[in-house]
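Worksheet: the structure to be examined is printed underneath.
Each reported figure results from applying straightforward, stated rules to the coordinates on display, with no laboratory input. Bear in mind the structure is a predicted one, so any value in this text is a computation, not a measurement. Please note: Cβ atoms are built from the backbone with ideal geometry, for glycine as well, and neighbour counts cover all protein chains shown.
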Amino acid sequence: MSEATGDGVALPRPQDVVARDLCRRLAREIVAPIAREADVERVFPAAAVRALAAEGILGAALPTARGGLGWDALQLSHLYEEFGRVDQSVRGFLSVHLGLVSQCLHEFAAEAQAAHWLPRLASGEIFGAYALTEVGAGSDAAAIATVAEADGDGWRLRGEKVWITNGLSAGVFIVFATVDPALRHKGVTAFLVPGDADGLSRERMSGVELGHRSSEHARLRFDGVRVARDQVVGEVGGGFKVAMGGLDHGRIGVAAGAVGTLQACLDAAIEFGRARRQFGRRVADFQMVQQRIADMATDTDAARLLTRRAALLAVHGVERTKQVSMAKLFATEAACKWSAETVLLLGSRGYVNESPVERHYRDAPGLRIYEGTNLIQRIVIARALVGKDTRQGATS
Ligand SMILES: Cc1cc2nc3c(=O)[nH]c(=O)nc-3n(C[C@H](O)[C@H](O)[C@H](O)COP(=O)(O)OP(=O)(O)OC[C@H]3O[C@@H](n4cnc5c(N)ncnc54)[C@H](O)[C@@H]3O)c2cc1C
């Protein structure tokens, strides 16, 4: 059996145990104590994130030569799982900073760009954000209308982005703009934009989110933001590949975060079921409750295995888009289902924010939406299976 098939991925390597134990401890000591208040107040937990930076976590995905910890995708899957277990807002911050930005730049940026930005991202001196979505372009990312107009030896960006996580405090953005909207995905280009660029303004999204309430979700405006030619990431017109490359990293983070939600709910259901007595018995001894606990445990393991397989393929540099989508789809659907069931299992205790399960239940639907909705993940999976219709005259 080949290692890359995913067999045996449940058995962690020594370096995975180190990563898991460190992140479990930091999640419990630094993030768990502030998660509820940050959610209620809807404030980004900056002090906690700075404390994680001091432990090297903001550089986990980058090589030691760039100031990072040099963790691979399997170690990172443990990181996202452990932080997701206590707080999806912090896990989301990390998925964007580490996956969508740091790993994406490590993969696609030119040496001078990498040398300038990666050590700052690794140390946490600056946070990263990934700006793709627009009011008129969500799932259809090739429809972006933020334009890059040629301006001497560089570019000027005009347009607006919405729902940009880390968007209020980020020190650098990967911004996707088009050099010609008519070219659709072939016009999309990735630009590096510093947080203090002239003409860039940012504000919090209006409304109160269902979950991820201590994340920064921002609306960005680009009013003629000047970008030098050497701040294009990859090729002009090659930004769609950069965007999708970032998502291949980020989606593993979302899947692993969902495994964290599943594990947290399973732990809560077991603990409560053992302690709570009704009709003279432990709630955990009723067969209908046992059926739910058994099914939740099985789905948690299945989600974890799919996630580890996707991460293992990333470690081996193997094509993995379908497997990443499968992990994201299954784990996030399971997180929605079982967080709702855990609210039921805990009765009234699951319905108030004195239990983290209430927050897990509100955070889980976001996991189905971002980094490609779960309907889009199904399209990715099905396309990989049935291929393209190459018959002449067929529509795509
Ligand atoms: C908490 C949160 C954080 C986010 N962070 C970021 C971020 O950091 N950076 C960023 O760029 N974006 C971010 N987003 C935006 C997110 O990526 C988009 O919301 C997502 O891609 C979906 O786009 P949309 O909301 O416009 O939905 P739409 O694309 O308008 O979709 C609406 C519905 O139609 C369905 N649909 C669309 N096309 C198809 C199709 N071809 N076939 C079948 N069904 C289809 C969708 O699945 C969905 O159910 C974030 C969103 C949230 C909620």
Here, the chain modelled as identical Cα point scatterers in vacuum has Debye log10 I(q)/I(0) at q = 0.07, 0.09, 0.15 Å⁻¹ of -0.32, -0.52, -1.38
Rounded to whole Å, √(5λ) for the Cα gyration tensor eigenvalues of region 239-316, largest first, gives 37, 11, 8
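When only DSSP loop residues count, what chymotrypsin sites (Phe, Trp or Tyr not before Pro) in region 262-337 have their Cβ near at most 16 other Cβ atoms within 10 Å?
PHE279, PHE286
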Checking ALA228, ALA122, ALA255 against a Gaussian network model of the chain (alpha-carbon springs below 10 Å), the top fluctuating residue turns out to be ALA228
Normalised per residue, the volume inside the convex hull of the alpha-carbon atoms of region 129-240 in Å³ amounts to 91 Å³
Quick numbers on region 10-73, Rg and Dmax over C-alpha atoms in Å, give 13.6, 40
Sorting LEU121, LEU132, ALA335 by the position of each Cα along the dipole of the chain (Lys, Arg +1; Asp, Glu -1; all at Cβ), the one nearest the positive end of that ordering is ALA335
Given pairs LYS337/LYS388; LYS186/LYS388; LYS186/LYS337; LYS186/LYS322 and cut-off 27 Å on Cα-Cα distance, the over-length ones are LYS337/LYS388; LYS186/LYS337
With Cα coordinates, the longest principal axis of the chain makes an angle with the long axis of helix 374-386, in degrees rounded to 10, of 80 degrees
In a Gaussian network model of the chain with springs linking alpha carbons closer than 10 Å, the residue among ALA364, ALA384, ALA19 that fluctuates most is ALA384
Taking every alpha carbon pair in region 48-146 and sorting the distances into 10 angstrom bins from 0 up to the bin holding the longest one, the percent per bin comes out as 16, 45, 28, 11
With +1 at each Lys and Arg Cβ and -1 at each Asp and Glu Cβ, the charge dipole magnitude of the chain around its Cα centre, to the nearest 20 debye, comes out at 920 debye
Checking ASP295, ASP21, ASP153 against a Gaussian network model of the chain (alpha-carbon springs below 10 Å), the top fluctuating residue turns out to be ASP153
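Let me know the charge dipole size of region 8-127 about its Cα centre in debye, to the nearest 20, where only the beta-carbon of Lys, Arg (+1) and Asp, Glu (-1) is charged. Present the calculation step by step, with values, prior to reporting the outcome.
Working: 12 positive and 14 negative charges, 26 e Å.
That gives a dipole near 120 debye.
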Rounded to two decimals, the Rg over Rh value of region 145-199 from Cα coordinates and the Kirkwood Rh reads 0.97
Footprinting proxy, VAL324, VAL43, VAL147, VAL242: sorted fewest to most Cβ within 10 Å, the residues are VAL43, VAL147, VAL242, VAL324
Farthest towards the positive end of the dipole of region 263-396, among VAL318, LEU344, HIS360 and with Cβ unit charges of +1 on Lys and Arg and -1 on Asp and Glu, lies the Cα of VAL318
Computed Rg/Rh for region 241-386 (Cα atoms; Rh = Kirkwood radius) stands at 1.06
When MET205, MET326 are arranged by how many other beta-carbons sit within 10 Å of their Cβ, fewest first, they go MET205, MET326
